[in-house]
Amino acid sequence: MAIDTALGLYVHVPFCSAICNYCNFNRGLFEAGLKDRYVDALIAEIRGAATYESADTVFFGGGTPSLLEPREIARIIAACRESFALAEHSEITLETNPETSSLERMEQFRAAGVNRVSFGVQSFREEELKRLGRIHTADRARAAVQEARTAGIVNISLDLMMWLPQQTREHWSDSVESLIEVAPEHASLYLLELYPNAPLKEDMARAGWSLAPDDDAAEMYLWSMDRLERAGYWQYEISNVARAGREARHNLKYWRDGQWLGFGCGAHSTRDGVRWKNVSATEEYVTRVLAGASLRAEERRLSPRERMEDALFTGLRLTEGVDLTDVRHRYGVDVMAAYGESLAPHLASGLLVREGDRLRLTRSGMLLANEILQVFV
Ligand code: SF4
(Lines give C-alpha, C1' and ligand atoms only; values in the text may rest on other atoms or scores of the structure.)
Protein backbone atom coordinates (compact mmCIF):
# COMPACT_ATOMS: atom_id res chain seq x y z
CA MET A 1 0.00 0.00 0.00
CA ALA A 2 1.53 3.29 -1.08
CA ILE A 3 1.76 5.80 1.71
CA ASP A 4 0.14 9.07 0.86
CA THR A 5 1.07 11.69 3.40
CA ALA A 6 -0.71 14.75 1.98
CA LEU A 7 -4.06 15.47 3.56
CA GLY A 8 -7.37 15.17 1.74
CA LEU A 9 -9.97 17.85 2.46
CA TYR A 10 -13.63 16.88 2.33
CA VAL A 11 -16.33 19.57 2.28
CA HIS A 12 -19.91 18.50 2.92
CA VAL A 13 -22.81 20.38 1.35
CA PRO A 14 -26.10 19.04 2.70
CA PHE A 15 -28.59 20.60 0.28
CA CYS A 16 -30.58 18.94 -2.51
CA SER A 17 -33.23 20.23 -4.88
CA ALA A 18 -35.38 17.11 -4.29
CA ILE A 19 -34.97 14.17 -1.97
CA CYS A 20 -34.49 10.81 -3.66
CA ASN A 21 -36.52 7.95 -2.24
CA TYR A 22 -33.55 5.68 -1.54
CA CYS A 23 -31.17 8.25 -0.06
CA ASN A 24 -29.76 7.83 3.40
CA PHE A 25 -27.13 10.58 3.23
CA ASN A 26 -26.97 13.61 5.48
CA ARG A 27 -28.97 16.06 3.36
CA GLY A 28 -32.09 18.24 3.28
CA LEU A 29 -34.00 20.46 0.91
CA PHE A 30 -32.25 23.56 -0.35
CA GLU A 31 -33.01 26.78 1.57
CA ALA A 32 -31.26 29.90 0.31
CA GLY A 33 -30.97 31.63 3.70
CA LEU A 34 -29.60 28.60 5.49
CA LYS A 35 -27.23 27.93 2.58
CA ASP A 36 -25.71 31.43 2.89
CA ARG A 37 -25.10 30.98 6.61
CA TYR A 38 -23.78 27.47 6.01
CA VAL A 39 -21.15 28.65 3.51
CA ASP A 40 -19.92 31.27 6.02
CA ALA A 41 -19.79 28.59 8.71
CA LEU A 42 -17.83 26.23 6.45
CA ILE A 43 -15.27 28.93 5.74
CA ALA A 44 -14.96 29.71 9.44
CA GLU A 45 -14.48 26.02 10.24
CA ILE A 46 -11.79 25.61 7.57
CA ARG A 47 -9.93 28.72 8.75
CA GLY A 48 -10.19 27.57 12.35
CA ALA A 49 -8.56 24.25 11.38
CA ALA A 50 -5.64 25.93 9.57
CA THR A 51 -2.41 23.96 9.97
CA TYR A 52 -0.74 24.96 6.68
CA GLU A 53 0.17 21.31 6.07
CA SER A 54 0.31 19.77 2.61
CA ALA A 55 -3.02 18.80 1.12
CA ASP A 56 -3.61 17.72 -2.44
CA THR A 57 -7.30 16.92 -2.80
CA VAL A 58 -10.51 18.79 -2.08
CA PHE A 59 -13.76 16.90 -2.47
CA PHE A 60 -17.11 18.67 -2.39
CA GLY A 61 -19.64 15.97 -1.51
CA GLY A 62 -23.23 15.98 -0.44
CA GLY A 63 -26.01 16.47 -0.81
CA THR A 64 -25.65 18.37 -4.03
CA PRO A 65 -22.64 20.70 -3.77
CA SER A 66 -23.30 22.08 -7.26
CA LEU A 67 -26.30 23.90 -5.73
CA LEU A 68 -23.76 26.33 -4.27
CA GLU A 69 -22.91 29.30 -6.44
CA PRO A 70 -19.54 29.11 -8.22
CA ARG A 71 -18.39 32.19 -6.26
CA GLU A 72 -19.19 30.32 -3.01
CA ILE A 73 -17.18 27.31 -4.18
CA ALA A 74 -14.37 29.76 -5.03
CA ARG A 75 -14.51 31.25 -1.51
CA ILE A 76 -14.34 27.80 0.07
CA ILE A 77 -11.39 26.77 -2.11
CA ALA A 78 -9.68 30.05 -1.21
CA ALA A 79 -10.19 29.26 2.50
CA CYS A 80 -8.58 25.83 1.88
CA ARG A 81 -5.63 27.50 0.16
CA GLU A 82 -5.18 29.98 3.00
CA SER A 83 -5.35 27.28 5.65
CA PHE A 84 -3.39 24.43 4.04
CA ALA A 85 -0.51 24.15 1.59
CA LEU A 86 -2.74 23.02 -1.23
CA ALA A 87 -0.53 21.53 -3.95
CA GLU A 88 -0.54 23.16 -7.35
CA HIS A 89 -1.96 20.10 -9.08
CA SER A 90 -4.53 19.27 -6.44
CA GLU A 91 -7.56 17.28 -7.47
CA ILE A 92 -10.64 19.41 -6.75
CA THR A 93 -13.85 17.45 -7.23
CA LEU A 94 -17.41 18.73 -7.28
CA GLU A 95 -20.26 16.26 -7.01
CA THR A 96 -22.92 17.48 -9.38
CA ASN A 97 -26.41 16.47 -10.31
CA PRO A 98 -27.20 16.72 -14.00
CA GLU A 99 -30.33 18.86 -13.42
CA THR A 100 -28.37 21.68 -11.79
CA SER A 101 -25.71 21.77 -14.47
CA SER A 102 -25.28 24.15 -17.41
CA LEU A 103 -22.38 25.20 -19.62
CA GLU A 104 -22.20 28.59 -17.95
CA ARG A 105 -22.13 27.16 -14.44
CA MET A 106 -19.52 24.58 -15.45
CA GLU A 107 -17.30 27.33 -16.85
CA GLN A 108 -17.71 29.26 -13.61
CA PHE A 109 -16.98 26.20 -11.45
CA ARG A 110 -13.87 25.55 -13.50
CA ALA A 111 -12.78 29.17 -13.11
CA ALA A 112 -13.38 28.73 -9.34
CA GLY A 113 -10.78 25.94 -9.33
CA VAL A 114 -12.83 22.76 -9.82
CA ASN A 115 -10.98 20.33 -12.07
CA ARG A 116 -12.95 17.13 -11.58
CA VAL A 117 -16.70 16.67 -11.73
CA SER A 118 -18.58 13.65 -10.49
CA PHE A 119 -22.11 13.34 -11.88
CA GLY A 120 -24.80 11.42 -10.03
CA VAL A 121 -26.38 9.87 -13.14
CA GLN A 122 -27.51 6.56 -11.59
CA SER A 123 -29.21 5.24 -14.74
CA PHE A 124 -29.60 6.03 -18.44
CA ARG A 125 -33.16 4.63 -18.48
CA GLU A 126 -36.00 7.04 -17.90
CA GLU A 127 -38.28 4.63 -16.07
CA GLU A 128 -35.48 3.75 -13.62
CA LEU A 129 -34.73 7.43 -12.95
CA LYS A 130 -38.41 8.01 -12.21
CA ARG A 131 -38.62 5.04 -9.87
CA LEU A 132 -35.68 6.48 -7.93
CA GLY A 133 -37.33 9.90 -7.67
CA ARG A 134 -34.53 11.49 -9.68
CA ILE A 135 -35.47 14.70 -11.44
CA HIS A 136 -33.09 14.53 -14.40
CA THR A 137 -33.50 12.63 -17.65
CA ALA A 138 -30.92 10.50 -19.42
CA ASP A 139 -30.54 13.13 -22.12
CA ARG A 140 -29.94 15.83 -19.51
CA ALA A 141 -27.19 13.65 -18.05
CA ARG A 142 -25.57 13.25 -21.48
CA ALA A 143 -25.83 16.99 -22.09
CA ALA A 144 -24.39 17.78 -18.66
CA VAL A 145 -21.29 15.69 -19.39
CA GLN A 146 -20.90 17.44 -22.72
CA GLU A 147 -21.22 20.85 -21.03
CA ALA A 148 -18.52 19.91 -18.53
CA ARG A 149 -16.23 18.84 -21.38
CA THR A 150 -16.91 22.04 -23.32
CA ALA A 151 -16.13 24.00 -20.17
CA GLY A 152 -12.71 22.33 -20.13
CA ILE A 153 -13.20 19.79 -17.33
CA VAL A 154 -11.03 16.91 -18.45
CA ASN A 155 -11.66 14.60 -15.52
CA ILE A 156 -15.27 13.45 -15.29
CA SER A 157 -16.77 10.67 -13.25
CA LEU A 158 -20.26 9.16 -13.47
CA ASP A 159 -22.14 7.19 -10.82
CA LEU A 160 -24.45 4.39 -11.87
CA MET A 161 -26.59 2.20 -9.65
CA MET A 162 -27.26 -1.45 -10.31
CA TRP A 163 -29.83 -3.84 -8.92
CA LEU A 164 -32.61 -1.28 -9.14
CA PRO A 165 -36.28 -2.25 -8.77
CA GLN A 166 -37.51 -3.96 -11.96
CA GLN A 167 -34.03 -3.75 -13.49
CA THR A 168 -33.14 -6.70 -15.69
CA ARG A 169 -29.67 -7.60 -16.87
CA GLU A 170 -30.54 -6.09 -20.26
CA HIS A 171 -31.61 -2.80 -18.66
CA TRP A 172 -28.37 -2.67 -16.73
CA SER A 173 -26.31 -3.39 -19.82
CA ASP A 174 -28.12 -0.53 -21.59
CA SER A 175 -26.95 1.89 -18.90
CA VAL A 176 -23.39 0.56 -18.97
CA GLU A 177 -23.26 0.84 -22.78
CA SER A 178 -24.57 4.42 -22.55
CA LEU A 179 -21.89 5.21 -20.00
CA ILE A 180 -19.22 3.85 -22.35
CA GLU A 181 -20.60 6.05 -25.14
CA VAL A 182 -20.46 9.11 -22.91
CA ALA A 183 -16.83 8.15 -22.16
CA PRO A 184 -16.11 9.57 -18.69
CA GLU A 185 -12.61 9.15 -17.26
CA HIS A 186 -13.95 7.40 -14.18
CA ALA A 187 -17.08 5.59 -13.09
CA SER A 188 -18.51 4.32 -9.80
CA LEU A 189 -20.98 1.45 -9.95
CA TYR A 190 -22.95 0.97 -6.79
CA LEU A 191 -25.40 -1.68 -5.76
CA LEU A 192 -28.65 -0.14 -4.54
CA GLU A 193 -28.84 -0.61 -0.80
CA LEU A 194 -32.29 -0.30 0.71
CA TYR A 195 -32.05 1.02 4.25
CA PRO A 196 -34.89 -0.04 6.58
CA ASN A 197 -37.25 2.96 6.26
CA ALA A 198 -36.42 4.01 2.72
CA PRO A 199 -39.51 5.49 1.04
CA LEU A 200 -38.45 3.51 -2.03
CA LYS A 201 -39.39 0.36 -0.11
CA GLU A 202 -42.95 1.62 0.22
CA ASP A 203 -43.01 2.66 -3.43
CA MET A 204 -41.88 -0.83 -4.35
CA ALA A 205 -44.57 -2.48 -2.23
CA ARG A 206 -47.28 -0.20 -3.62
CA ALA A 207 -46.28 -0.61 -7.24
CA GLY A 208 -45.34 -4.28 -6.97
CA TRP A 209 -41.75 -3.65 -8.10
CA SER A 210 -39.20 -6.29 -7.26
CA LEU A 211 -35.45 -6.75 -7.35
CA ALA A 212 -33.80 -9.27 -9.64
CA PRO A 213 -32.55 -12.43 -7.88
CA ASP A 214 -29.17 -12.23 -6.11
CA ASP A 215 -27.55 -14.36 -8.81
CA ASP A 216 -28.57 -11.82 -11.43
CA ALA A 217 -27.08 -9.01 -9.35
CA ALA A 218 -23.81 -10.94 -9.17
CA GLU A 219 -23.86 -11.47 -12.91
CA MET A 220 -24.63 -7.81 -13.53
CA TYR A 221 -21.61 -6.86 -11.47
CA LEU A 222 -19.22 -9.33 -13.07
CA TRP A 223 -20.46 -8.59 -16.58
CA SER A 224 -20.12 -4.84 -16.18
CA MET A 225 -16.57 -5.04 -14.83
CA ASP A 226 -15.59 -7.23 -17.80
CA ARG A 227 -17.36 -4.97 -20.26
CA LEU A 228 -15.76 -1.81 -18.86
CA GLU A 229 -12.36 -3.46 -18.97
CA ARG A 230 -12.88 -4.22 -22.65
CA ALA A 231 -13.80 -0.56 -23.12
CA GLY A 232 -10.45 0.59 -21.71
CA TYR A 233 -11.25 1.09 -18.03
CA TRP A 234 -9.51 -0.74 -15.26
CA GLN A 235 -11.19 -1.75 -12.08
CA TYR A 236 -9.09 -0.41 -9.22
CA GLU A 237 -11.61 -0.81 -6.42
CA ILE A 238 -14.69 -2.93 -5.73
CA SER A 239 -17.07 -0.31 -7.15
CA ASN A 240 -14.75 1.94 -9.14
CA VAL A 241 -13.17 1.89 -12.58
CA ALA A 242 -11.01 4.47 -14.30
CA ARG A 243 -8.89 5.20 -17.32
CA ALA A 244 -5.22 4.77 -16.39
CA GLY A 245 -4.11 7.60 -14.13
CA ARG A 246 -7.66 8.84 -13.50
CA GLU A 247 -8.33 6.98 -10.27
CA ALA A 248 -10.03 9.19 -7.68
CA ARG A 249 -7.05 10.54 -5.75
CA HIS A 250 -9.21 11.75 -2.88
CA ASN A 251 -10.96 8.43 -2.37
CA LEU A 252 -7.66 6.58 -2.59
CA LYS A 253 -6.76 8.28 0.70
CA TYR A 254 -9.69 6.47 2.34
CA TRP A 255 -8.58 3.13 0.94
CA ARG A 256 -4.82 3.50 1.32
CA ASP A 257 -4.75 4.32 4.99
CA GLY A 258 -4.40 8.05 4.37
CA GLN A 259 -5.50 11.07 6.39
CA TRP A 260 -8.26 13.54 5.71
CA LEU A 261 -10.14 16.36 7.34
CA GLY A 262 -13.87 16.74 6.81
CA PHE A 263 -15.63 20.09 7.04
CA GLY A 264 -19.35 20.71 7.33
CA CYS A 265 -22.22 19.00 9.08
CA GLY A 266 -21.79 15.27 9.59
CA ALA A 267 -18.32 15.30 7.99
CA HIS A 268 -15.85 12.63 9.13
CA SER A 269 -12.15 13.15 9.71
CA THR A 270 -9.28 10.75 10.33
CA ARG A 271 -5.80 11.72 11.35
CA ASP A 272 -3.03 10.43 13.58
CA GLY A 273 -5.21 7.53 14.62
CA VAL A 274 -8.11 9.73 15.76
CA ARG A 275 -11.47 9.63 14.05
CA TRP A 276 -14.17 12.15 14.55
CA LYS A 277 -17.47 13.23 13.13
CA ASN A 278 -19.08 16.65 13.17
CA VAL A 279 -22.65 17.20 14.37
CA SER A 280 -25.05 16.13 11.64
CA ALA A 281 -27.83 18.72 11.79
CA THR A 282 -27.19 21.70 9.53
CA GLU A 283 -28.68 24.35 11.86
CA GLU A 284 -26.87 22.98 14.87
CA TYR A 285 -23.61 22.95 12.94
CA VAL A 286 -24.01 26.60 11.93
CA THR A 287 -24.96 27.61 15.48
CA ARG A 288 -21.97 25.83 16.97
CA VAL A 289 -19.54 27.39 14.49
CA LEU A 290 -20.91 30.86 15.29
CA ALA A 291 -20.65 30.20 19.02
CA GLY A 292 -17.11 28.88 18.68
CA ALA A 293 -18.30 25.62 20.30
CA SER A 294 -16.86 22.18 19.56
CA LEU A 295 -18.30 20.66 16.39
CA ARG A 296 -17.46 17.11 17.28
CA ALA A 297 -20.38 14.76 17.86
CA GLU A 298 -18.17 11.68 18.11
CA GLU A 299 -14.49 11.16 18.59
CA ARG A 300 -12.47 8.01 18.99
CA ARG A 301 -8.80 7.23 19.26
CA LEU A 302 -8.11 3.95 17.52
CA SER A 303 -5.70 1.48 19.01
CA PRO A 304 -2.80 0.43 16.75
CA ARG A 305 -4.61 -2.88 16.24
CA GLU A 306 -7.81 -1.10 15.18
CA ARG A 307 -5.84 1.12 12.81
CA MET A 308 -4.28 -1.87 11.21
CA GLU A 309 -7.60 -3.72 10.90
CA ASP A 310 -9.08 -0.64 9.35
CA ALA A 311 -6.20 -0.40 6.88
CA LEU A 312 -6.76 -4.04 5.88
CA PHE A 313 -10.52 -3.63 5.69
CA THR A 314 -10.30 -0.64 3.36
CA GLY A 315 -7.10 -1.65 1.53
CA LEU A 316 -8.56 -4.96 0.43
CA ARG A 317 -11.28 -3.06 -1.42
CA LEU A 318 -8.58 -2.12 -3.91
CA THR A 319 -7.66 -4.51 -6.71
CA GLU A 320 -4.00 -3.91 -5.78
CA GLY A 321 -4.84 -5.32 -2.34
CA VAL A 322 -2.51 -4.74 0.58
CA ASP A 323 1.23 -5.15 0.96
CA LEU A 324 1.76 -7.42 3.96
CA THR A 325 5.37 -6.30 4.45
CA ASP A 326 4.24 -2.73 4.59
CA VAL A 327 1.56 -3.62 7.16
CA ARG A 328 4.21 -5.39 9.24
CA HIS A 329 6.46 -2.35 9.13
CA ARG A 330 3.71 0.09 9.97
CA TYR A 331 1.87 -1.89 12.60
CA GLY A 332 4.26 -4.64 13.69
CA VAL A 333 1.78 -7.39 12.90
CA ASP A 334 2.23 -10.43 10.70
CA VAL A 335 -1.20 -10.58 9.06
CA MET A 336 -0.97 -14.21 8.01
CA ALA A 337 0.10 -15.28 11.49
CA ALA A 338 -2.69 -13.28 13.10
CA TYR A 339 -5.55 -13.96 10.68
CA GLY A 340 -4.30 -16.90 8.59
CA GLU A 341 -6.79 -19.35 10.04
CA SER A 342 -9.80 -17.16 9.24
CA LEU A 343 -8.45 -16.29 5.80
CA ALA A 344 -7.49 -19.85 4.81
CA PRO A 345 -10.94 -20.93 3.52
CA HIS A 346 -11.18 -17.82 1.35
CA LEU A 347 -7.68 -18.42 -0.03
CA ALA A 348 -8.58 -22.04 -0.72
CA SER A 349 -11.78 -21.13 -2.55
CA GLY A 350 -10.09 -18.49 -4.71
CA LEU A 351 -11.87 -15.48 -3.23
CA LEU A 352 -8.58 -14.17 -1.90
CA VAL A 353 -5.15 -14.59 -3.43
CA ARG A 354 -1.69 -14.10 -2.09
CA GLU A 355 0.93 -13.09 -4.62
CA GLY A 356 4.33 -12.66 -3.01
CA ASP A 357 3.71 -10.22 -0.24
CA ARG A 358 0.43 -8.93 -1.57
CA LEU A 359 -2.96 -10.08 -0.45
CA ARG A 360 -5.94 -9.21 -2.59
CA LEU A 361 -9.52 -10.14 -3.31
CA THR A 362 -10.30 -11.69 -6.67
CA ARG A 363 -13.25 -10.33 -8.61
CA SER A 364 -15.50 -13.07 -7.29
CA GLY A 365 -14.12 -12.33 -3.82
CA MET A 366 -15.20 -8.73 -4.29
CA LEU A 367 -18.79 -9.91 -4.59
CA LEU A 368 -18.48 -11.35 -1.09
CA ALA A 369 -16.21 -8.64 0.28
CA ASN A 370 -18.54 -7.66 3.13
CA GLU A 371 -18.49 -11.19 4.42
CA ILE A 372 -14.77 -11.81 3.92
CA LEU A 373 -13.64 -8.50 5.41
CA GLN A 374 -15.62 -9.18 8.58
CA VAL A 375 -12.45 -10.93 9.72
CA PHE A 376 -11.00 -7.47 10.34
CA VAL A 377 -13.99 -5.82 11.98
S1 SF4 B 1 -29.42 14.02 -4.84
FE2 SF4 B 1 -28.01 12.59 -3.84
S3 SF4 B 1 -27.79 13.37 -1.72
FE4 SF4 B 1 -29.59 14.39 -2.65
S5 SF4 B 1 -31.33 13.17 -2.01
FE6 SF4 B 1 -30.72 12.40 -4.04
S7 SF4 B 1 -29.25 10.74 -3.60
FE8 SF4 B 1 -29.49 11.93 -1.71
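Some values worked out for this structure:
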| quantity | calculated |
| --- | --- |
| Subset of region 1-41 [within 15 Å of the ligand (Cβ to nearest atom) and aliphatic (A, V, I, L, M)] | VAL11, VAL13, ALA18, ILE19, LEU29 |
| Any hit, region 52-59, residues being modelled with pLDDT of 95 or more, within 16 Å of the ligand (Cβ to nearest atom) and more than 24 Å from GLY292 (Cβ to Cβ) | yes |
| Residue under evaluation GLU95, criteria (1) more than 14 Å from the chain's Cα centre (by Cα); (2) near the ligand (Cβ under 10 Å from one of its atoms); (3) buried (at least 16 other Cβ atoms within 10 Å of the Cβ), criterion not met | (1) |
| Residue match in region 42-51 (condition: buried (at least 17 other Cβ atoms within 10 Å of the Cβ), more than 16 Å from the ligand (Cβ to nearest atom) and farther than 21 Å from ARG288 by Cα) | no |
| So VAL114, is it among the hydrophobic types (A, V, I, L, M, F, W, C), open to solvent by less than 10 Å² (accessible area, probe 1.4 Å), in contact with a strand residue (DSSP E or B) (Cβ under 6 Å, 6 or more places away or on another chain) and within 14 Å of the ligand (Cβ to nearest atom) | no |
| Hits in region 133-150 - residues which are touching a Lys or Arg at 6+ places or on another chain (Cβ under 9 Å) and open to solvent by 10 Å² or more (accessible area, probe 1.4 Å) | GLU147 |
| Residue in region 175-223 that is nearest to VAL121 (Cα to Cα), counting only those that are among the charged types (D, E, K, R) and open to solvent by 70 Å² or more (accessible area, probe 1.4 Å) | GLU181 |
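The values are calculated or read from the model by the stated rules, or taken from the named source; none is laboratory data. All figures in this text were calculated on a predicted structure; none of them were measured in a lab. Note that each Cβ is placed from the backbone with ideal geometry, even for glycine, and that neighbours are counted across all protein chains shown. Protein only, heavy atoms only, side chains kept; ligands, DNA and RNA dropped before computing areas. Shrake-Rupley method; radii C 1.70, N 1.55, O 1.52, S 1.80 Å.
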